[in-house]
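Read the structure below first, then the notes.
Each value in this text was obtained by applying a stated rule to the coordinates, not by laboratory testing. Only a predicted model underlies this, so the values are computations on that prediction, with no experimental measurement involved. A quick note on method: Cβ atoms are made from the backbone with ideal geometry, for glycine too, and the neighbour counts reach across all protein chains shown.
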Amino acid sequence: MTESATADTPRLPPGTRLHPALQSLGMLVARRATTAAMRRRYGSAFTLRLPPFGRIVVVSDPALVKQLFTTKPSIAGNAEPNLGRVLGDGSIFNLDGEAHRQRRKLLTPPFHGRRLKAYEGLMAEEALREAATWPQGREIETLEPFMRITLNIILRAVFGARGKELDELRELLPRMVELGSRLALLPESGLLVSVVNPRGRYQALRRRYDEVVEGLIAGALADPRLEERDDVLAMLVQSRYEDGEPMSHRHVADELFTLLAAGHETTATTLAWTVERLRRHPRLLHRLVEEVDAGGSELRHATILEVQRTRPVIVATARQVKAPSMRLGEWVIPRGYGVMVSIDLVQRDESAFPHADRFDPDRFVGAAPDTYAWIPFGGGTRRCVGAAFATLEMDVVLRTLLQEFELRTTYEPGERWHSRGVAFAPAKGGRAVVHRRSAPARVTVDVRDAAARTVPA
Ligand code: HEM
């Protein structure tokens with residue numbers, strides 16, 4: 001890791017003289033436009049004053065991003081406040097340093113290797129089940145059905161939920177995520193918070209959620225086949241920290257909710273953007289259909305990478321300076337400052353992505369994306385735990401759609417970006433018109449083989 005702690009005199013990137021309240025308002029109501037305007041004016045590093053969150057340096061140069069993501073957490077650690085205040089004390093978003101490292105160790109195995117492979121079948125099943133209900137020949141919003149698919153996948157893969165608990169969580173969790181997403185953007189206190197008071201409603205939902213999860217944990221602990229189960233809940237209740245202690249039930253509940261909140265809407269909105277892009281790129285769509293029919297996947301994988309580059313659903317992530325000061329490129333940033341990476345701006349950097357405004361999946365065919373310029377999953381010790389899970393899920397769902405449907409293309413302008421709180425979605429929900437393919441293909445999943453094979457029906 002880069003040693004970047006210093007006790008030097010602060011040297012901050014330039015910033016606007018605009019009143020701090022207006023800077024906060026700009027970031028609250030027009031985050032992307034505000035950071036883009038600041039970048040045009042001040043370059044790839046600038047300083048914002050955002051009461052009540054404090055002072056923040058925003059960076060969008062891949063070299064600075066690399067330095068930040070490789071700096072020790074004791075120097076650039078978890079940002080405060082963070083999503084933990086909504087998701088709970090036991091959420092990984094709330095942890096820093098050693099506690100964070102240990103939690104990552106517990107959380108990583110369920111999302112990699114053999115475990116991940118075990119989820120592919122249920123992902124294909126959920127995608128097919130939802131696709132069977134899509135109407136033909138009339139315009140639909142795809143975001144909503146994608147939300148159902150990703151919710152069902154997480155409820156099965158992460159919570160191991162079935163029957164009435166599955167039904168109850170299916171109803172409860174989207175409401176909690178929606179309300180939580182709004183709470184995450186609001187300060188802890190103030191006029192707006194006391195007038196709107198979303199916290200009370202949120203806490204009532206959370207109490208019911210805790211009861212359902214307590215029931216799932218009790219069921220898991222009493223399950224004689226617990227060791228054979230693949231769901232994350234079963235793995236977490238069996239896991240032990242390095243000192244041999246198990247996770248408390250409260251922390252298991254916080255973490256499961258975290259996984260759902262972090263993984264459900266992000267994946268669904270990326271899929272909705274994928275549909276939105278493909279409808280406007282007929283040649284690409286044609287090549288993808290040819291590829292899927294031939295059992296290939298390279299262009300599809302590249303397409304997902306390019307959707308995530310050009311339409312990142314999370315547009316920023318942040319760290320906070322914990323050392324007396326931190327050197328970042330030519331800047332020296334004092335303790336307590338936030339350092340925000342604008343994912344959105346980094347991924348439009350011309351030096352990293354020539355013709356960055358062009359939607360061109362071929363740039364990733366046969367070429368892996370750069371770790372510090374292609375960052376939709378963030379980076380460093382806090383990089384998204386569910387990145388491999390989400391990538392597999394998006395691939396399986398897109399593959400299923402290409403096999404099942406003909407997607408009608410359009411000359412309409414691209415959908416605008418719409419903030420849903422934490423994630424950015426296509427403003428019209430990724431509208432699509434589909435027709436069932438005349439010779440539909442069925443997906444069979446061979447768990448020994450990464451690529452699913454298509455069998456003509
Ligand atoms: C396309 C889908 C997704 C996107 C774009 C996304 C994006 C992100 C980003 C930007 C971060 C912050 C990383 C950083 O600060 O460096 C993050 C963290 C995280 N994500 Fe994802 N994510 C996705 C799907 C998922 C899924 C499916 C899961 C789990 C089921 C998940 C679980 C998490 C967790 C637990 C963290 C916190 C990691 C930590 O603090 O150590 N995400 N994600």
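If you count the DSSP beta bridges with both ends in the chain, what percent of them are antiparallel, to the nearest 5? Please report the intermediate quantities before stating the final value.
On the way: 34 of 40 bridges.
That works out to approximately 85 percent antiparallel.
Under a cut-off of 20 Å between alpha-carbon atoms, report the lysines in cross-link reach of Lys105, not counting same-chain residues fewer than 8 places apart.
Cross-link targets: Lys72, Lys117.
Kindly write out, for the stretch 64-76 in residue order, the coupling ³J(HN,Hα) from the Karplus curve 6.51 cos²θ - 1.76 cosθ + 1.60 (θ = phi - 60°), rounded to whole Hz, with x marking Gly and Pro.
My calculation for the stretch 64-76 gives 5, 4, 4, 4, 5, 5, 9, 7, 4, x, 6, 9, 10 Hz in order.
For the chain, calculate the relative contact order in percent as a whole number, restricting contacts to Cα pairs under 8 Å that are 6 or more residues apart.
Details: 714 pairs, mean separation 114.5, N = 457.
The value is 25 percent.
Could you work out the helix-only [θ] at 222 nm for the chain, with each DSSP H run of four or more residues adding -39,500 (n - 2.57) and the total divided by the number of residues, to the nearest 500 deg cm²/dmol? Walk me through the numbers before you get to the answer.
On the way: 16 runs with 216 residues, N = 457.
Result for the chain: -15000 deg cm²/dmol, rounded to the nearest 500.
Measure off 7 Å from each Cα along the Cα-to-Cβ vector at Arg17 and His418, then give the distance between these two points in nanometres to one decimal.
Result: 3.9 nm between the two label points.
Taking R0 as 41 Å, what's the FRET efficiency between Thr9 and Asp210 from their Cβ-Cβ distance, rounded to 0.05?
Plugging the Cβ-Cβ distance into 1/(1 + (r/R0)^6) gives 0.25.
Quick query: amide H of Leu50 versus all other amide H atoms, modeled in the peptide plane; which residues come in under 5 Å with a sequence gap of 5 or more or a different chain?
Result for Leu50 returns Arg55, Ile56.
With a Förster radius of 25 Å, plug the Cβ-Cβ distance of Ala30 and Glu141 into 1/(1 + (r/R0)^6) and report the FRET value to the nearest 0.05.
Values: r = 24 Å, r/R0 = 0.94.
Between Ala30 and Glu141 the formula returns 0.60.
Enumerate the calculated ³J(HN,Hα) couplings along the stretch 318-327 in order (Karplus 6.51 cos²θ - 1.76 cosθ + 1.60, θ = phi - 60°), each rounded to whole Hz, writing x wherever the residue is Gly or Pro.
Couplings: 9, 10, 10, 6, 9, 7, x, 6, 10, 8 Hz.
According to the square roots a ≥ b ≥ c of the eigenvalues of the Cα gyration tensor, what is the shape class of the chain, taking rounded for a/c under 1.5, prolate for a/b larger than b/c otherwise, and oblate for the remainder?
Details: a/c = 1.62, a/b = 1.20, b/c = 1.35.
Oblate, since a/c reaches 1.5 and b/c is not below a/b.
Compute the FRET efficiency between Thr410 and Arg240 as 1/(1 + (r/R0)^6), taking r as their Cβ-Cβ distance and R0 = 56 Å, and round to the nearest 0.05. Write down the numbers at each step before the final one.
On the way: r = 53 Å, r/R0 = 0.95.
Taking R0 as 56 Å, the efficiency between Thr410 and Arg240 is 0.60.
Which whole-Hz ³J(HN,Hα) couplings does the stretch 290-295 yield from phi under the Karplus relation 6.51 cos²θ - 1.76 cosθ + 1.60, θ = phi - 60°, glycine and proline marked x?
Per residue, the Karplus-derived 3J(HN,Hα) values read 4, 5, 5, 5, 8, x Hz.
Can you list residues whose amide H is under 5 Å from Arg437's amide H, if they're 5+ apart or on another chain and H is modeled 1.01 Å from N?
Those qualifying (amide H under 5 Å, at least 5 residues apart or on another chain) are Phe405, Glu406.
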